[in-house]
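The values are calculated or read from the model by the stated rules, or taken from the named source; none is laboratory data. These figures come from a predicted structure and were not determined experimentally. Cβ atoms come from the backbone with ideal geometry, glycine included; neighbour counts cover every protein chain shown.
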Amino acid sequence: MLAVAAVVVIVLAATFAFVYRSTGAQLKAQIDRSVRASAIQMRDEIFERGGSSPQAALISARHFASSQPYRDSAVLLFALIPGVGAVSNHPELFSTVDADRDESGSAQSAENAQDRRLLEPHPGYSTTFGADTGELRLFEIPVKVAGITAYAGAGEVLASVSHAQEVVRHSFELAGLIGIALALLAAYLTATRVTAPIRSSAEVAASIDAGELSPRIHLPAGTSHELELLADALNRMLDRLATAFAAQREFVADASHELRTPLTVLRGQLDVLSGGDQLDGSLSAAELERVRHLMEAETARLTRLVDDLLVLAQSDRNDFLHPTEVPLDELVTELWDGLSLIAERNFEIGALEPVTIRADPDRLAQALRNLARNAITHTQPPRGLVRVDVTRRGPNAVRITVSDDGPGIHPELRLRVFERFFRTDKARSREAGGAGLGLAIVQAITEAHHGSVSVIDSAWGGASFALDLPIR
């Protein structure tokens with residue numbers, strides 16, 4: 001509001017200065033034209049038509065001035081003939097008299113001095129002060145009469161200019177006050193209307209700061225397009241935050257559940273061992289071996305789960321990768337040769353283009369190993385297909401595809417398989433299906449390499465995972 005008021009004041013001040021000066025300039029120009037025309041008329045009537053001698057010119061000027069009294073025309077007419085005299089339709093301005101009864105001697109002397117200045121010729125335009133008239137605008141024309149330079153002149157009082165400028169000033173003062181009041185009112189109403197959505201957004205932000213993510217910004221109809229864009233962006237951000245917090249809570253719950261199972265098994269087996277000690281070693285060697293084997297399996301599963309969680313936690317760090325130049329054909333060949341020793345499957349290497357990329361070989365091998373183990377889990381020995389292909393995707397990208405001939409993945413689940421702790425088959429045991437972190441780790445490693453992973457249609461009826469990596 002203060003800014004609007006300041007702008008209004010500045011605009012009004014600039015407009016007032018322009019109008020004030022232009023009004024005075026236009027009126028003065030009009031007066032200049034008027035006094036010049038009157039002076040020319042007096043010169044023509046007196047000197048050029050009736051003035052063969054200075055005395056005759058003086059008589060003619062007296063008749064012309066008396067025919068146009070000052071009080072009627074408001075134009076001062078005068079003629080100055082050096083050595084002869086001065087004539088005017090306002091005689092008091094061009095004569096010196098004794099002090100009036102109503103004026104002191106000093107005041108009359110000052111007026112006489114001003115009047116004597118009028119008797120001095122000033123060719124052209126001039127501005128002077130008259131005792132009875134105030135400020136005067138004069139125009140005098142020199143004329144030769146019988147070898148003497150005489151002057152015909154005219155003048156007008158400049159009081160009309162001052163009066164007009166005073167009217168302009170008072171008008172602008174009144175208009176300025178009204179304009180500032182209306183501007184403040186309009187600014188208040190506009191600011192209230194504009195800031196209402198912002199206050200609403202601030203209330204939503206305050207509730208979010210208190211921990212509530214459900215409120216959203218709802219703007220009234222007619223809100224500006226910019227505020228609508230801002231509200232939509234904030235609402236989308238809140239949706240993402242709510243989704244992220246929900247995913248975090250789900251992740252913590254799933255991790256707690258996955259960790260609870262092996263810990264429960266270990267605690268149960270410890271109870272068995274503790275009970276055996278109380279019975280003076282009544283547990284048989286076979287029973288002890290079973291307990292030891294079971295505890296080792298659960299410890300290994302717990303270790304793998306913690307390692308996978310650690311990998312996912314480190315995937316956002318800058319030092320997660322240690323990139324170097326990696327020949328993909330050599331990496332894939334060595335990896336598939338090693339996998340063929342741990343599982344009885346048909347490990348097949350398809351298209352294998354020689355491509356070198358900059359990547360972390362250990363992390364990339366971990367991602368491919370997870371995909372291969374996923375294929376091994378979902379195929380049948382001994383001839384279940386586990387296939388890898390390396391093909392270029394234009395000059396700046398390469399695709400690594402890991403395929404199998406297992407049951408495949410339903411199209412509706414192809415995006416969810418990369419979620420943490422997600423299993424396509426809820427009935428699958430943890431021993432067979434793992435904790436559901438393998439594909440999440442694949443996605444984290446691929447995105448850390450500025451690539452992407454997706455499930456695509458397989459030519460062998462099973463699942464195909466495609467890793468698209470940049471060549472840099």
Qualifying position, being surrounded by fewer than 16 Cβ atoms within 10 Å (Cβ to Cβ) and in contact (Cβ under 8 Å) with a residue 60 or more places away in the chain, among Asn346, Asn396: Asn396
Residues that are surrounded by 13 or more Cβ atoms within 10 Å (Cβ to Cβ) and of a type in the set (Lys, Arg), drawn from the stretch 296-333: Arg301, Arg304
Criterion: surrounded by 12 or more Cβ atoms within 10 Å (Cβ to Cβ), part of a helix (DSSP H, G or I) and not assigned by TED's automatic domain parsing to the domain that holds Leu309 - qualifying residue of Ile217, Ile180: Ile180
Leu230, sole failed condition from (1) more than 25 Å from the chain's Cα centre (by Cα); (2) more than 30 Å from Ala13 (Cβ to Cβ); (3) not acidic (Asp, Glu): (1)
Gly384, sole failed condition from (1) over 54 Å from the mean Cα position of the chain (by Cα); (2) small (Gly, Ala, Ser); (3) surrounded by fewer than 19 Cβ atoms within 10 Å (Cβ to Cβ): (3)
Long-range neighbours under 9 Å by Cβ, at least six apart or interchain, first residue not assigned by TED's automatic domain parsing to the domain that holds Ile441 within the stretch 248-261, second at pLDDT below 75 and in a helix (DSSP H, G or I): Glu258/Arg430; Thr261/Arg430
Checking Ile148 against (1) within 30 Å of Pro91 (Cβ to Cβ); (2) not assigned by TED's automatic domain parsing to the domain that holds Thr23, the condition it does not meet: (2)
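Inspect all residues belonging to the stretch 454-466 and state whether any of them is touching a helix residue (DSSP H, G or I) at 6+ places or on another chain (Cβ under 6 Å) and either small (Gly, Ala, Ser) or at pLDDT below 95 (or both). Spell out the reasoning first.
Within the stretch 454-466, the subset touching a helix residue (DSSP H, G or I) at 6+ places or on another chain (Cβ under 6 Å) is 465.
After this cut, where a residue has to be either small (Gly, Ala, Ser) or at pLDDT below 95 (or both) as well, the list is none.
No - not one qualifying residue is present in the stretch 454-466.
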Candidate set from the stretch 115-152 (those that are acidic (Asp, Glu) and free of Cβ contacts under 8 Å to residues at least 60 places away in the same chain); member that is surrounded by the most Cβ atoms within 10 Å (Cβ to Cβ): Asp115
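Somewhere in the stretch 431-439, is a residue closer than 16 Å to Asp308 by Cα, at pLDDT 90 or above and not in a strand (DSSP E or B)?
Checking the stretch 431-439: at least one residue is closer than 16 Å to Asp308 by Cα, at pLDDT 90 or above and not in a strand (DSSP E or B).
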Qualifying residue in the stretch 246-254 (condition: assigned to a helix (DSSP H, G or I) and farther than 30 Å from Leu305 by Cβ): no
From the options Asp362, Asp308, Asp329, Asp337, residue that is among the acidic types (Asp, Glu), part of a helix (DSSP H, G or I), within 29 Å of Arg383 (Cβ to Cβ) and touching a residue at least 24 places away in the same chain (Cβ under 8 Å): Asp329
Inter-residue pairs, beta-carbon under 8 Å, first within 14 Å of Glu156 (Cβ to Cβ) and in the stretch 74-92, second in a strand (DSSP E or B) and of a type in the set (D, E, K, R), 6+ apart: Ala74/Glu156; Val75/Glu156; Leu76/Glu156
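With Ile141, Ile46 as the choices, which residue is closer than 30 Å to Val161 by Cβ, out of contact with any Cys (no Cβ under 6 Å at 6 or more places or on another chain) and modelled with pLDDT of 80 or more?
Step by step, each of Ile141, Ile46 is checked, and only Ile141 is closer than 30 Å to Val161 by Cβ, out of contact with any Cys (no Cβ under 6 Å at 6 or more places or on another chain) and modelled with pLDDT of 80 or more.
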Hey, Gly155 surrounded by 12 or more Cβ atoms within 10 Å (Cβ to Cβ), touching a helix residue (DSSP H, G or I) at 6+ places or on another chain (Cβ under 9 Å), not in a helix (DSSP H, G or I) and not aliphatic (A, V, I, L, M) or not: yes
